[in-house]
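Participant: Okay, handing you the structure first.
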Amino acid sequence: MDDEYAKLIRRMNPPRVVIDNNACKDATVIQVDSVNRHGILLEVVQVLTDMNLVITKAYISSDAGWFMDVFNVIDHDGNKITDKEDIDYIQRRLESNASFAPSLRGSVGVMPSEEYTSIELSGTDRPGLLSEVCAVLADLGCNVVNAEIWTHNARAAAVVHVTDESTGCAIKDPTHLSTIKDLLCNVLRGDDDLKTANMKLSPPGVTNRGRRLHQIMFADRDYERVGGTGVEGVENKSPRPHVTLFDCIQKEYTVITMRSKDRPKLLFDIICTLTDMQYVVFHGVVKTGRMEAYQEFFIRHVDGLPISSEAERERVAQCLEAAIERRASEGMELELCTEDRVGLLSDITKIFRENSLCIKRAEISTKGGKAIDTFYVTDVTGNAVDPKMIDSICRQIGHTILKVKKHRSNASPPKAPQGTTMGFLFGNLFKARSFQNFKLIRSYS
């Protein structure tokens, strides 16, 4: 009965969305008012992320059963959203009553099962792993049409969409599917990963692909720091995000502040992680600068209680650090654009492997018969790739096919805003309360 009543309230109070290009000189302002429920913030942020919009500022409030958020957004060129079709599309998506139904773009298993087979992979990262996976798929007559691959903290995860080479559709033969699973599991295990490698066929659904990758890596416990050398040591070279937890004793919130390098989809990754860990953001502010992002959230568990144990505080901090780091683009960015064919990805990744390139992250897509792939690569030690080596690889593949899009350098971590975090973001929210009501628990960095 409670669930039906909640649905009735949502139907009687559909989301109200205002998109304003006059309120801010350098961004489009999107205001969303709606009946509050768990997960609504993630759904709104996902709509904006699916549109490839960059969120430069955000103000979040969801107390007293009502959700009221404001987002300042720009496109990837730094411009306001002025195209009427785009504005109308954003408005329709956010105002739809179907719980902000997720877009089909960038999702796992959202297409009918006849279109492709969706494969989820996880295991220990190592140089050449993606090349080995692609070789197996090519040998088994699987064409990779879309994929996303992440590596973090010595772990690797991927969501791969494949079709049958002979039919161009999803693979349905149970024997063929069983063979794919057995061989991929063997590749993922390698010589010393007998228990933690995992491969499964994901059912049709509407889980965002990025969110699914977060869930896979979270289940693989990639947030637990490991020592040693090799891939683990490479990961630890990068600047670490700074996560701090406070207790707001008077208001019974846990306050989380995060400082890190800014990048696309950062807010989505953080909200995704908090939501899947069963936390609710009641208030929050996001502020981005030229190179940095600063975020502060007032949260409680879904049971209405703040974080109460030191172990859970540390776990939340570790998981948020991992969420920030997973999609961070390390190394040199290479973009490949050519006619798609079965085995293309296997051939390209084999060349990378033979030239001692380590793929840190990859996004694979096909559109209109064209393969459009992006790879972020380092050498096997995690250092920048020799430009002469890249030039040689581009000559081998073809300069018109493979191009260096951007060279990423390791910038120093951003400085903290001056003064207290509470004064910086929420000075007015609790101005009637003394700062004595806030207890600094621990800084994790």
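Participant: Of everything in the range 22-46, what is farther than 14 Å from Val281 by Cβ and either basic (Lys, Arg) or not assigned by the TED database to the domain that holds Asp303 (or both)? Give them in sequence order.
Facilitator: Within the range 22-46, Lys25 is the sole residue that qualifies.
Participant: Could you tell me how many of the residues in the range 314-345 are assigned to a helix (DSSP H, G or I) and surrounded by fewer than 20 Cβ atoms within 10 Å (Cβ to Cβ)?
Facilitator: Adding up the residues that qualify gives 3.
Condition check ((1) hydroxyl-bearing (Ser, Thr, Tyr); (2) over 14 Å from Asp139 (Cβ atoms)) across all residues:
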{"position": "Ala156", "(1), (2)": "no, yes"}
{"position": "Val159", "(1), (2)": "no, yes"}
{"position": "Glu165", "(1), (2)": "no, no"}
{"position": "Cys169", "(1), (2)": "no, yes"}
{"position": "Lys172", "(1), (2)": "no, yes"}
{"position": "Thr179", "(1), (2)": "yes, no"}
{"position": "Gly190", "(1), (2)": "no, yes"}
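Participant: Return yes or no: is Arg126 among the basic types (Lys, Arg), at pLDDT 90 or above and in a helix (DSSP H, G or I)?
Facilitator: no
Participant: So for the range 211-219 (the condition being at pLDDT below 80 and more than 20 Å from Asp50 (Cβ to Cβ)), does at least one residue qualify?
Facilitator: No, the range 211-219 contains no residue that is at pLDDT below 80 and more than 20 Å from Asp50 (Cβ to Cβ).
Participant: A follow-up question, please. Determine whether Ser131 is open to solvent by less than 60 Å² (accessible area, probe 1.4 Å), within 20 Å of Ala371 (Cβ to Cβ), of a type outside the set (A, V, I, L, M) and modelled with pLDDT of 95 or more.
Facilitator: Judged against the criteria, Ser131 is a match.
Participant: Quick one: which strands (runs of 3 or more DSSP E) lie wholly within the range 16-98 and hold at least 1 residues that are of a type in the set (Gly, Ala, Ser) and either modelled with pLDDT under 95 or over 18 Å from Cys272 (Cα atoms) (or both)?
Facilitator: 28-35, 54-61
Participant: For the range 19-38, which residues satisfy the criterion of being of a type outside the set (D, E, K, R) and surrounded by 15 or more Cβ atoms within 10 Å (Cβ to Cβ)?
Facilitator: Those that are of a type outside the set (D, E, K, R) and surrounded by 15 or more Cβ atoms within 10 Å (Cβ to Cβ): Ile19, Cys24, Ala27, Thr28, Val29, Ile30, Gln31, Val32, Ser34, Val35, Asn36.
Participant: Can you give me the number of residues within the range 353-383 that are buried (at least 17 other Cβ atoms within 10 Å of the Cβ), farther than 18 Å from Arg327 by Cα and out of contact with any helix residue (DSSP H, G or I) (no Cβ under 7 Å at 6 or more places or on another chain)?
Facilitator: 3
Participant: Out of the residues in the range 294-310 that are assigned to a strand (DSSP E or B) and touching a residue at least 40 places away in the same chain (Cβ under 8 Å), state the one that is farthest from Val243 (Cα to Cα).
Facilitator: Selected residue: Arg300.
Participant: While we're looking at this one, here's another question. Within the range 143-162, take every residue that is farther than 29 Å from Ile324 by Cβ and touching a residue at least 60 places away in the same chain (Cβ under 8 Å) and give me the one that is farthest from the chain's Cα centre (by Cα).
Facilitator: Asn143
The values are calculated or read from the model by the stated rules, or taken from the named source; none is laboratory data. What you are looking at is a predicted structure, and each value in this text was computed from that prediction instead of being measured. Using ideal geometry, Cβ is built from the backbone for each residue, glycine included, and neighbour counts are taken over all protein chains shown. What goes into the accessible areas is simple: the full protein's heavy atoms, side chains included, and nothing from ligands, DNA or RNA. Shrake-Rupley method; radii C 1.70, N 1.55, O 1.52, S 1.80 Å.
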